[in-house]
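Everything on this sheet refers to the single structure shown next.
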Amino acid sequence: MKSMVLTDGPLGPEQHSLLEYPITPPQADGSVVEIADGLLWLRMPMPMALDHINVYLLQDDDGWYILDTGLNTETTRQLWLTVIEKHCKSKAIKGVICTHFHYDHSGLATWLTQTFNVPLYMTYGEFYMIKTISSGLASLGNDHQLDFYHRSGLPRKDVDAMLNSCRKDPFIKLCPPSFTRLREGDVLTIGKRRWQIVIGEGHSPEHACLYCAEDKLLLAGDQLLPHISSNILVTEMEPQGQPLKYWLSSLEKLQTLDPNTLVLPAHGPVFREMHLRAKQLIQHHLEQLDILRAFALQVTEFNAYQAMKHLFKRSLSPIESMMALGETLAHLNWLESNGDLFCQRTNDTGINSYLSTDKIKEDRITL
Ligand SMILES: [Zn+2]
């Protein structure tokens, strides 16, 4: 449940080079970089392809707020204790803000809020996702989930490998008992800065970004990343969901912020040229949609697994397959709702199959 490191092509190095990276990133070893007065950038390590998450410390008059937590691992816990002792200079931790529920962003929400006895700030949708997944590990591999993957055409051995990988992942096992709700347009005044909450959708249900218009700073979480494309995922929880539609409109919304904003993302370096980056990400998904439209014209019918294999050519680990399949379904759902594809959900195999509506109109396929 993290960001996608699968894509290249339209999001390759030549696209990254068009952005501006004014600050050298810290190592994921407790080192800290001061981005602006009272705004510290540090990195927590992650034992996976995406090897770090950026987290931030925001200084208030009498203490500090933590933005995003890192994974629920012993290494991250120790790093937090070291960093807080060294850099917060005996000022209290006042609160923990999580941009969204993914385990690299909120995995230590319970530990941090309990250790420092402080509130957790999240949106309603994200808090309830933590509540759901923290109680959902035991039901991993339930009948509904197995049916979802079967309908996608995923071979059973791949499903089992995926579920086994999930069981080993640093899942969130505990949910904090309460939270303070963040809403679109809310303002958090921390020190001399006023941070406005800007909600994004698509990568997660109600992702919070924090925007300081006066200083042109955006704490972007996973809503705008410089080097990779955030995972846009359809899961068994909402098989007919339209995350791509809302992801694209969220990227449009970010282009209404000041174009000279310095973006502080959750992964990769701090960067400028956020409008260009939003456009690149939109373009990437439009190209993925075009690839699937062309695929639908080449073949008579296909399932989601076959579409995934067409979009993601390289071999994928079980967790990467889960993300790639969810991402493929997000694009297929968009094409279906847009009238480009027809999805047959009732047939003998129990596997959903997709057909090009253009072909159907031309009477080249009989249903
Ligand atoms: Zn995320």
Answer residue from the stretch 305-328, given it is charged (D, E, K, R) and under 16 Å from Val234 (Cα atoms) and is farthest from the chain's Cα centre (by Cα) among those: Glu320
Can you confirm whether the stretch 232-240 contains a residue that is touching a helix residue (DSSP H, G or I) at 6+ places or on another chain (Cβ under 6 Å), in contact (Cβ under 8 Å) with a residue 60 or more places away in the chain and acidic (Asp, Glu)? yes
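Do we have any residue at all in the stretch 222-244 that's at positive phi, over 12 Å from the mean Cα position of the chain (by Cα) and among the charged types (D, E, K, R)? Let's see the steps before the verdict.
To start, the set of residues in the stretch 222-244 that are at positive phi comprises none.
Among the residues of the stretch 222-244, not one is at positive phi, over 12 Å from the mean Cα position of the chain (by Cα) and among the charged types (D, E, K, R), which makes the answer no.
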Mind checking whether some residue in the stretch 86-101 is away from the ligand (no atom under 16 Å from the Cβ), within 20 Å of the chain's Cα centre (by Cα), surrounded by fewer than 20 Cβ atoms within 10 Å (Cβ to Cβ) and not in a loop (DSSP other than H, G, I, E, B)? no
In the stretch 235-253, is there at least one residue being β-branched (Val, Ile, Thr) and touching a Pro at 6+ places or on another chain (Cβ under 9 Å)? no
Which condition number does Gly153 fail, the rest of (1) away from the ligand (no atom under 16 Å from the Cβ); (2) assigned to a strand (DSSP E or B) being met? (2)
When you look at Tyr121, is it aromatic (Phe, Trp, Tyr) and at pLDDT 95 or above, yes or no? yes
Checklist (1) in a helix (DSSP H, G or I); (2) in contact with a strand residue (DSSP E or B) (Cβ under 8 Å, 6 or more places away or on another chain); (3) surrounded by fewer than 22 Cβ atoms within 10 Å (Cβ to Cβ); (4) touching a residue at least 40 places away in the same chain (Cβ under 8 Å) applied to Gln283, failing item: (2)
Could you tell me which numbered condition Trp247 fails, if it satisfies all but one of (1) modelled with pLDDT of 95 or more; (2) more than 16 Å from the ligand (Cβ to nearest atom); (3) within 20 Å of Ala324 (Cβ to Cβ)? (2)
Which strands (runs of 3 or more DSSP E) does the stretch 156-233 wholly contain that include 1 or more residues that are within 16 Å of the ligand (Cβ to nearest atom), over 28 Å from Glu74 (Cα atoms) and of a type outside the set (A, V, I, L, M, F, W, C)? 193-200
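Restricting to the stretch 213-249, name every residue that is hydrophobic (A, V, I, L, M, F, W, C), under 26 Å from Ala36 (Cα atoms) and surrounded by fewer than 17 Cβ atoms within 10 Å (Cβ to Cβ).
Ala213
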Taking the stretch 21-35, which residues are surrounded by 14 or more Cβ atoms within 10 Å (Cβ to Cβ) and touching a residue at least 60 places away in the same chain (Cβ under 8 Å)? Tyr21, Ile23, Pro25, Ile35
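The values are calculated or read from the model by the stated rules, or taken from the named source; none is laboratory data. The structure displayed is predicted, hence computed values, not measured ones. Here Cβ is always computed from backbone atoms with ideal geometry, including for glycine, and neighbour counts include all displayed protein chains.
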